[in-house]
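Worksheet: one structure, shown below.
Laboratory data are not the source of any read-out in this text; all were calculated from the coordinates shown. Please read all numbers here as calculations on a predicted model, not as lab measurements. We place every Cβ from the backbone using ideal geometry, glycine too, and count neighbours over all the protein chains shown.
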Amino acid sequence: MWQTMKADIDAVFERDPAARSVFEVVLTYSGLHAIWAHRIAHALYKRKHFLIARIISQLSRFFTGIEIHPGARIGKGVFIDHGMGVVIGETCEIGDNVTLFQGVTLGGTGKEKGKRHPTIEDNVMIASGAKVLGSMRIGRGSKIGAGSVVLQEVPPNSTVVGVPGRVVRQDGERVPNDLDHINLPDPVADKLKTMEQEIDSLKRELALLKKEREECYGRETVQHVD
């Protein structure tokens with residue numbers, strides 16, 4: 001237990017440059033509080049003390065703004081940065097050294113039974129506002145961009161951005177506009193730009209046809225007068 005708690009504290013110092021002291025981290029980091037409350041709730045949940053586990057989970061949600069179902073499995077060194085609005089579902093499995101930012105949802109897609117939440121492998125980073133929905137696997141070392149909606153499995157060492165999420169980098173091969181939290185590829189904007197170009201092309205064709213029609217009718221009118 002103490003090793004797990006130490007790993008959780010070490011994760012804060014490794015990934016948050018604002019962390020100054022152990023006392024500050026232990027006393028003020030809501031993400032750490034939520035993780036520790038969950039470890040207690042999960043231990044009770046495994047022993048089938050479901051009601052007490054849910055009460056602890058809800059109290060933790062009230063004080064931290066982070067909702068973690070006591071049935072979820074969370075590894076060592078998981079860091080929830082800021083954390084407000086983070087939701088982790090019942091059958092979710094999170095590996096070691098995973099980083100979650102505020103507004104992340106690890107949820108299901110319906111009322112199906114059994115495994116219905118994602119599995120997040122080791123060393124994954126999920127940025128602010130990202131939604132990972134359904135029973136799929138996010139491969140080791142992957143990154144999910146801010147605001148992305150992931151509905152399919154992600155291979156290891158990949159970077160995913162967009163709605164729906166798409167892989168823009170894998171196994172170290174760089175792709176333009178890779179993840180930097182700010183300048184992300186926007187597939188919706190790209191599609192709108194393509195549609196705008198097609199509309200401009202259609203307008204030019206329509207103007208050309210209109211001009212040819214006017215010239216044609218003009219010649220017919222002159223011939224009729226003659």
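Work out the FRET efficiency for Thr4 and Lys115 from their Cβ-Cβ distance, taking R0 = 22 Å, and round it to the nearest 0.05. Before the final figure, lay out the partial values.
On the way: r = 24 Å, r/R0 = 1.10.
Between Thr4 and Lys115 the formula returns 0.35.
Modelled spin-label separation between Ala207 and Leu59, with each label point placed 7 Å from Cα along the Cα-to-Cβ direction: 7.1 nm.
What 222 nm value per residue comes from the helices of the chain, counting each DSSP H run with n ≥ 4 as -39,500 (n - 2.57) and dividing by all residues, nearest 500 deg cm²/dmol?
Numbers: 5 runs with 92 residues, N = 226.
About -14000 deg cm²/dmol.
Mind checking which of Ile68, Ile40, Ile144 has the largest fluctuation in a GNM of the chain, springs on alpha carbons under 10 Å? Of the options given, Ile40 has the highest mean-square fluctuation. For the residues Lys203, Lys46, Lys193, a GNM of the chain with alpha-carbon springs under 10 Å puts the largest fluctuation on Lys203. The count of lysine pairs in the chain with alpha-carbon distances below 24 Å, taking only pairs 8 or more places apart or on different chains, stands at 23.
In what sequence, highest mean first, do 111-124, 80-93, 12-25 appear when ranked by Cβ atoms within 10 angstrom?
Values: 111-124: 17.2, 80-93: 19.8, 12-25: 13.0.
Highest-to-lowest ranking by the protection proxy: 80-93, 111-124, 12-25.
Spatially, the range 27-51 and the range 85-125 are offset by 16 Å when compared through their Cα centroids.
Backbone amide hydrogens, once placed in the peptide plane, bring Arg166 within less than 5 Å of Val161, excluding anything fewer than 5 places away on its chain.
Between Gly77, Gly110, Gly65, the residue with the greatest mean-square fluctuation in the GNM of the chain (Cα pairs under 10 Å linked by springs) is Gly110. Here the chain has an Rg and Dmax of 26.2, 104 Å, counting Cα atoms alone. Listed by Cβ neighbour count within 10 Å, with the fewest neighbours leading, Leu133, Leu208, Leu32 appear as Leu208, Leu133, Leu32.
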